[in-house]
1. May I ask you to verify whether ALA155 is hydrophobic (A, V, I, L, M, F, W, C), crowded, with 17+ Cβ neighbours inside 10 Å and in a helix (DSSP H, G or I)?
2. Can you tell me how many residues within segment 256-276 are open to solvent by 70 Å² or more (accessible area, probe 1.4 Å), among the basic types (Lys, Arg) and touching a residue at least 12 places away in the same chain (Cβ under 8 Å)?
3. Could you give me the residue pairs with C-beta distances under 8 Å whose first residue belongs to segment 138-160 and is closer than 13 Å to LEU114 by Cα, whose second residue is among the polar types (S, T, N, Q) and surrounded by fewer than 24 Cβ atoms within 10 Å (Cβ to Cβ) wherever it lies, and which are 6+ apart or on separate chains?
4. In segment 232-255, how many are exposed (fewer than 15 other Cβ atoms within 10 Å of the Cβ) and in contact with a Phe, Trp or Tyr (Cβ under 8 Å, 6 or more places away or on another chain)?
5. Would you please name the residue that is modelled with the highest pLDDT, looking only at residues in segment 65-105 that are open to solvent by 30 Å² or more (accessible area, probe 1.4 Å) and outside any helix (DSSP H, G or I)?
6. Assess whether LEU140 counts as being more than 9 Å from the chain's Cα centre (by Cα) and more than 18 Å from ASN179 (Cα to Cα).
7. Which of the residues belonging to segment 284-303 are under 18 Å from ASN268 (Cβ atoms) and open to solvent by 70 Å² or more (accessible area, probe 1.4 Å)?
8. Taking only segment 186-217 into account, find how many residues are touching a helix residue (DSSP H, G or I) at 6+ places or on another chain (Cβ under 8 Å) and closer than 21 Å to ASP169 by Cα.
Amino acid sequence: MAGGRRAVLCWWPRLLLEAVSCWGCRSRARGQAVLDGSIHLGRGFTLTLVTFLGYGAYRNIPKCLVVRAIEKVFPVEDIIEQADYLYGTGEVEKLYQLLIECNSSENGEILWRLARASRDLAQLKTTSTENKKKLTYEALTYAKKALEKNESSFAAHKWYAICISDVGDYEGIKAKIANSYVIKEHFQKAIEINPTDATSIHLMGLWCYTFAELPWVQKKIAAMFFSIPPSSTFDEALQYFTEAEKADPNFYSKNLLMLGKTFMKLQNVKNAILWLNKAKNYPTRTEEDVQVQKEAAELLKSMGVK
(Lines give C-alpha, C1' and ligand atoms only; values in the text may rest on other atoms or scores of the structure.)
Protein backbone atom coordinates (compact mmCIF):
# COMPACT_ATOMS: atom_id res chain seq x y z
CA MET A 1 0.00 0.00 0.00
CA ALA A 2 2.81 2.36 0.93
CA GLY A 3 4.62 1.51 -2.29
CA GLY A 4 1.46 2.26 -4.29
CA ARG A 5 1.11 5.68 -2.68
CA ARG A 6 4.76 6.49 -3.40
CA ALA A 7 4.17 5.53 -7.01
CA VAL A 8 1.22 7.92 -7.23
CA LEU A 9 3.32 10.76 -5.83
CA CYS A 10 6.04 10.05 -8.37
CA TRP A 11 3.90 10.26 -11.47
CA TRP A 12 1.11 12.64 -10.46
CA PRO A 13 2.95 15.97 -11.14
CA ARG A 14 3.49 15.16 -14.81
CA LEU A 15 -0.12 14.00 -15.22
CA LEU A 16 -1.35 17.02 -13.29
CA LEU A 17 0.45 19.42 -15.60
CA GLU A 18 -0.84 17.57 -18.66
CA ALA A 19 -4.40 17.66 -17.33
CA VAL A 20 -4.35 21.39 -16.62
CA SER A 21 -2.53 22.13 -19.87
CA CYS A 22 -5.22 20.30 -21.82
CA TRP A 23 -7.90 22.28 -19.98
CA GLY A 24 -6.05 25.49 -20.81
CA CYS A 25 -5.71 24.50 -24.48
CA ARG A 26 -9.45 23.93 -24.72
CA SER A 27 -10.03 27.42 -23.32
CA ARG A 28 -7.69 28.94 -25.87
CA ALA A 29 -9.35 26.96 -28.66
CA ARG A 30 -12.61 28.72 -27.79
CA GLY A 31 -10.82 32.04 -28.25
CA GLN A 32 -10.40 32.65 -24.52
CA ALA A 33 -7.35 33.29 -22.40
CA VAL A 34 -6.36 30.45 -20.07
CA LEU A 35 -7.69 32.31 -17.07
CA ASP A 36 -10.77 33.70 -18.78
CA GLY A 37 -12.81 30.93 -17.18
CA SER A 38 -10.86 30.89 -13.95
CA ILE A 39 -13.78 32.16 -11.92
CA HIS A 40 -14.51 28.46 -11.85
CA LEU A 41 -10.85 27.52 -11.49
CA GLY A 42 -11.21 25.87 -8.10
CA ARG A 43 -14.04 23.58 -9.08
CA GLY A 44 -12.85 22.92 -12.62
CA PHE A 45 -9.30 22.23 -11.52
CA THR A 46 -10.41 19.70 -8.91
CA LEU A 47 -12.70 17.89 -11.35
CA THR A 48 -9.88 17.64 -13.85
CA LEU A 49 -7.64 16.04 -11.26
CA VAL A 50 -10.33 13.67 -10.11
CA THR A 51 -10.96 12.65 -13.71
CA PHE A 52 -7.31 11.81 -14.33
CA LEU A 53 -6.24 10.49 -10.94
CA GLY A 54 -9.39 9.23 -9.29
CA TYR A 55 -10.66 10.73 -6.03
CA GLY A 56 -8.57 8.48 -3.78
CA ALA A 57 -5.31 9.49 -5.42
CA TYR A 58 -6.25 13.18 -5.55
CA ARG A 59 -7.13 13.16 -1.86
CA ASN A 60 -3.65 11.82 -1.00
CA ILE A 61 -1.80 14.57 -2.89
CA PRO A 62 -0.30 17.07 -0.43
CA LYS A 63 -2.08 20.42 -0.76
CA CYS A 64 1.20 22.35 -0.96
CA LEU A 65 2.20 20.33 -4.04
CA VAL A 66 -1.13 21.03 -5.72
CA VAL A 67 -0.67 24.76 -5.08
CA ARG A 68 2.86 24.72 -6.51
CA ALA A 69 1.51 22.99 -9.61
CA ILE A 70 -1.24 25.58 -9.98
CA GLU A 71 1.28 28.42 -9.69
CA LYS A 72 3.58 26.69 -12.20
CA VAL A 73 0.86 26.26 -14.83
CA PHE A 74 -0.87 29.56 -14.08
CA PRO A 75 1.74 32.27 -13.37
CA VAL A 76 1.24 34.16 -10.12
CA GLU A 77 0.77 37.36 -12.12
CA ASP A 78 -2.20 35.81 -13.95
CA ILE A 79 -3.82 34.59 -10.73
CA ILE A 80 -3.38 38.04 -9.18
CA GLU A 81 -4.75 39.76 -12.28
CA GLN A 82 -7.86 37.55 -12.24
CA ALA A 83 -8.26 38.06 -8.49
CA ASP A 84 -8.09 41.84 -8.85
CA TYR A 85 -10.63 41.74 -11.66
CA LEU A 86 -13.07 39.74 -9.53
CA TYR A 87 -12.47 42.06 -6.56
CA GLY A 88 -13.19 45.08 -8.76
CA THR A 89 -16.45 43.58 -9.98
CA GLY A 90 -17.58 42.62 -6.47
CA GLU A 91 -17.59 38.87 -7.14
CA VAL A 92 -16.79 38.01 -3.52
CA GLU A 93 -17.67 34.31 -3.55
CA LYS A 94 -15.99 33.61 -6.90
CA LEU A 95 -12.88 35.46 -5.76
CA TYR A 96 -12.72 33.39 -2.58
CA GLN A 97 -13.11 30.14 -4.54
CA LEU A 98 -10.31 31.19 -6.87
CA LEU A 99 -7.85 32.09 -4.12
CA ILE A 100 -8.68 29.37 -1.58
CA GLU A 101 -7.06 26.89 -3.99
CA CYS A 102 -3.82 28.77 -3.26
CA ASN A 103 -4.11 28.78 0.53
CA SER A 104 -0.77 26.98 0.85
CA SER A 105 0.97 29.49 -1.39
CA GLU A 106 4.26 31.02 -0.30
CA ASN A 107 3.51 34.21 -2.25
CA GLY A 108 2.67 37.18 -0.02
CA GLU A 109 0.72 38.98 -2.76
CA ILE A 110 -1.65 36.04 -3.12
CA LEU A 111 -1.94 35.54 0.64
CA TRP A 112 -3.03 39.08 1.54
CA ARG A 113 -5.58 38.94 -1.25
CA LEU A 114 -6.87 35.68 0.20
CA ALA A 115 -7.08 37.34 3.61
CA ARG A 116 -9.12 40.14 2.05
CA ALA A 117 -11.37 37.69 0.22
CA SER A 118 -11.98 35.65 3.40
CA ARG A 119 -12.79 38.82 5.29
CA ASP A 120 -15.13 40.13 2.58
CA LEU A 121 -16.96 36.79 2.48
CA ALA A 122 -17.36 36.94 6.28
CA GLN A 123 -18.94 40.40 5.93
CA LEU A 124 -21.71 39.29 3.54
CA LYS A 125 -25.22 39.30 5.01
CA THR A 126 -25.78 35.82 3.59
CA THR A 127 -22.88 34.36 5.61
CA SER A 128 -24.01 32.47 8.71
CA THR A 129 -22.83 33.53 12.16
CA GLU A 130 -20.75 30.36 12.50
CA ASN A 131 -19.06 30.80 9.12
CA LYS A 132 -18.51 34.50 9.77
CA LYS A 133 -16.40 33.71 12.83
CA LYS A 134 -14.53 30.93 11.02
CA LEU A 135 -13.75 33.17 8.05
CA THR A 136 -12.71 36.05 10.30
CA TYR A 137 -10.04 33.95 12.01
CA GLU A 138 -9.10 32.38 8.67
CA ALA A 139 -8.52 35.85 7.22
CA LEU A 140 -6.19 36.73 10.10
CA THR A 141 -4.19 33.55 9.53
CA TYR A 142 -3.61 34.40 5.86
CA ALA A 143 -2.85 38.06 6.61
CA LYS A 144 -0.27 37.05 9.21
CA LYS A 145 1.34 34.63 6.78
CA ALA A 146 1.38 37.30 4.06
CA LEU A 147 3.19 39.66 6.42
CA GLU A 148 5.72 36.97 7.32
CA LYS A 149 6.44 36.42 3.63
CA ASN A 150 6.81 40.11 2.80
CA GLU A 151 7.19 42.72 5.55
CA SER A 152 7.72 45.43 2.95
CA SER A 153 4.16 45.02 1.57
CA PHE A 154 1.92 47.92 2.61
CA ALA A 155 -1.14 45.84 1.73
CA ALA A 156 -0.04 43.00 4.02
CA HIS A 157 0.33 45.45 6.93
CA LYS A 158 -3.03 47.02 6.14
CA TRP A 159 -4.97 43.78 5.96
CA TYR A 160 -3.22 42.35 8.99
CA ALA A 161 -4.41 45.38 10.97
CA ILE A 162 -7.96 45.07 9.58
CA CYS A 163 -8.14 41.36 10.37
CA ILE A 164 -6.85 41.84 13.93
CA SER A 165 -9.55 44.45 14.43
CA ASP A 166 -12.23 42.02 13.24
CA VAL A 167 -11.02 39.23 15.53
CA GLY A 168 -11.26 41.61 18.48
CA ASP A 169 -15.05 41.35 18.30
CA TYR A 170 -14.74 37.76 19.54
CA GLU A 171 -12.04 38.18 22.20
CA GLY A 172 -13.33 40.65 24.79
CA ILE A 173 -12.56 44.23 25.77
CA LYS A 174 -9.05 43.64 27.17
CA ALA A 175 -7.84 41.88 24.01
CA LYS A 176 -9.52 44.51 21.87
CA ILE A 177 -7.71 47.35 23.63
CA ALA A 178 -4.39 45.49 23.50
CA ASN A 179 -4.90 44.85 19.79
CA SER A 180 -5.54 48.55 19.18
CA TYR A 181 -1.84 49.29 19.67
CA VAL A 182 -0.91 46.64 17.11
CA ILE A 183 -3.56 47.89 14.69
CA LYS A 184 -2.26 51.46 14.88
CA GLU A 185 1.33 50.29 14.39
CA HIS A 186 0.50 48.37 11.21
CA PHE A 187 -1.67 51.11 9.70
CA GLN A 188 1.17 53.55 10.29
CA LYS A 189 3.63 51.10 8.72
CA ALA A 190 1.36 50.71 5.68
CA ILE A 191 1.25 54.51 5.28
CA GLU A 192 5.02 54.75 5.72
CA ILE A 193 5.56 52.20 2.93
CA ASN A 194 2.90 53.70 0.65
CA PRO A 195 2.00 57.30 1.59
CA THR A 196 -0.50 57.54 -1.29
CA ASP A 197 -2.73 54.63 -0.27
CA ALA A 198 -5.99 56.38 0.57
CA THR A 199 -7.47 53.32 2.28
CA SER A 200 -4.67 52.97 4.84
CA ILE A 201 -4.83 56.70 5.59
CA HIS A 202 -8.64 56.56 5.97
CA LEU A 203 -8.42 53.58 8.32
CA MET A 204 -5.85 55.39 10.46
CA GLY A 205 -8.35 58.24 10.60
CA LEU A 206 -11.05 55.84 11.77
CA TRP A 207 -8.72 54.58 14.51
CA CYS A 208 -8.20 58.16 15.71
CA TYR A 209 -11.90 59.01 15.53
CA THR A 210 -12.85 55.87 17.48
CA PHE A 211 -10.53 56.65 20.39
CA ALA A 212 -11.34 60.36 20.33
CA GLU A 213 -15.02 59.45 20.66
CA LEU A 214 -14.49 56.70 23.26
CA PRO A 215 -16.96 57.19 26.15
CA TRP A 216 -15.59 58.16 29.56
CA VAL A 217 -16.55 54.80 31.09
CA GLN A 218 -14.66 52.84 28.45
CA LYS A 219 -11.63 55.10 28.90
CA LYS A 220 -11.68 54.25 32.60
CA ILE A 221 -11.90 50.55 31.80
CA ALA A 222 -8.96 50.88 29.41
CA ALA A 223 -6.96 52.66 32.12
CA MET A 224 -7.56 49.68 34.43
CA PHE A 225 -5.76 47.37 32.00
CA PHE A 226 -3.07 49.68 30.65
CA SER A 227 -1.03 52.45 32.27
CA ILE A 228 -1.20 54.43 29.02
CA PRO A 229 -4.49 53.56 27.26
CA PRO A 230 -4.85 54.36 23.54
CA SER A 231 -6.13 57.85 22.83
CA SER A 232 -6.49 60.39 20.04
CA THR A 233 -8.29 63.60 19.04
CA PHE A 234 -10.82 64.66 16.42
CA ASP A 235 -8.23 67.05 14.99
CA GLU A 236 -5.92 64.10 14.42
CA ALA A 237 -8.73 62.11 12.80
CA LEU A 238 -9.58 65.06 10.55
CA GLN A 239 -5.98 65.24 9.38
CA TYR A 240 -6.05 61.62 8.19
CA PHE A 241 -9.48 61.86 6.53
CA THR A 242 -8.37 65.00 4.71
CA GLU A 243 -5.14 63.32 3.58
CA ALA A 244 -7.12 60.31 2.32
CA GLU A 245 -9.28 62.63 0.23
CA LYS A 246 -6.20 64.36 -1.19
CA ALA A 247 -4.60 61.01 -2.02
CA ASP A 248 -7.67 59.89 -3.97
CA PRO A 249 -10.56 62.40 -4.25
CA ASN A 250 -13.96 60.87 -3.56
CA PHE A 251 -12.41 57.40 -3.38
CA TYR A 252 -14.80 56.14 -0.72
CA SER A 253 -18.21 57.27 0.47
CA LYS A 254 -17.33 56.42 4.09
CA ASN A 255 -14.45 58.90 4.03
CA LEU A 256 -16.84 61.67 2.94
CA LEU A 257 -19.18 60.72 5.77
CA MET A 258 -16.37 60.68 8.32
CA LEU A 259 -15.17 64.11 7.21
CA GLY A 260 -18.69 65.40 7.82
CA LYS A 261 -18.98 63.69 11.21
CA THR A 262 -15.56 64.92 12.33
CA PHE A 263 -16.38 68.51 11.40
CA MET A 264 -19.59 68.11 13.42
CA LYS A 265 -17.53 67.04 16.43
CA LEU A 266 -15.33 70.11 15.93
CA GLN A 267 -18.42 72.37 15.76
CA ASN A 268 -17.64 73.40 12.17
CA VAL A 269 -21.20 73.38 10.80
CA LYS A 270 -20.39 74.79 7.36
CA ASN A 271 -17.84 72.11 6.50
CA ALA A 272 -19.92 69.40 8.15
CA ILE A 273 -22.85 70.19 5.83
CA LEU A 274 -20.52 70.34 2.81
CA TRP A 275 -19.09 66.84 3.34
CA LEU A 276 -22.31 65.23 4.51
CA ASN A 277 -24.00 66.42 1.32
CA LYS A 278 -21.19 64.87 -0.70
CA ALA A 279 -21.68 61.59 1.17
CA LYS A 280 -25.44 61.75 0.67
CA ASN A 281 -25.06 62.27 -3.08
CA TYR A 282 -22.29 59.71 -3.59
CA PRO A 283 -23.27 57.02 -6.18
CA THR A 284 -24.32 53.79 -4.48
CA ARG A 285 -22.35 50.74 -5.64
CA THR A 286 -22.28 48.66 -2.46
CA GLU A 287 -24.43 47.95 0.59
CA GLU A 288 -22.13 50.20 2.59
CA ASP A 289 -22.71 53.11 0.18
CA VAL A 290 -26.45 52.78 0.81
CA GLN A 291 -25.90 52.89 4.58
CA VAL A 292 -23.59 55.90 4.21
CA GLN A 293 -26.24 57.78 2.22
CA LYS A 294 -28.85 56.98 4.85
CA GLU A 295 -26.66 58.09 7.79
CA ALA A 296 -25.58 61.27 5.99
CA ALA A 297 -29.21 62.18 5.27
CA GLU A 298 -30.17 61.60 8.92
CA LEU A 299 -27.29 63.73 10.19
CA LEU A 300 -28.19 66.54 7.81
CA LYS A 301 -31.79 66.35 8.96
CA SER A 302 -30.66 66.59 12.60
CA MET A 303 -28.85 69.82 11.62
CA GLY A 304 -31.99 71.23 10.00
CA VAL A 305 -30.78 70.65 6.43
CA LYS A 306 -33.15 68.98 3.98
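1. yes
2. Final tally of qualifying residues: 1.
3. From residues that are closer than 13 Å to LEU114 by Cα, the pairs are TYR142/ASN103; ALA146/SER153; LEU147/SER153; ALA156/ASN150.
4. Qualifying residue count for the region: 1.
5. Per the criteria, the residue is GLU91.
6. Answer is no for this residue.
7. SER302
8. Looking only at that region, the number is 15.
The values are calculated or read from the model by the stated rules, or taken from the named source; none is laboratory data. Owing to the predicted nature of the structure, the values given are computational and were not obtained by experimental measurement. Cβ: placed from backbone, ideal geometry, glycine included. Neighbour counts: every protein chain shown. Only protein heavy atoms, including side chains, enter the accessible area calculation; ligands, DNA and RNA are left aside. Shrake-Rupley method; radii C 1.70, N 1.55, O 1.52, S 1.80 Å.
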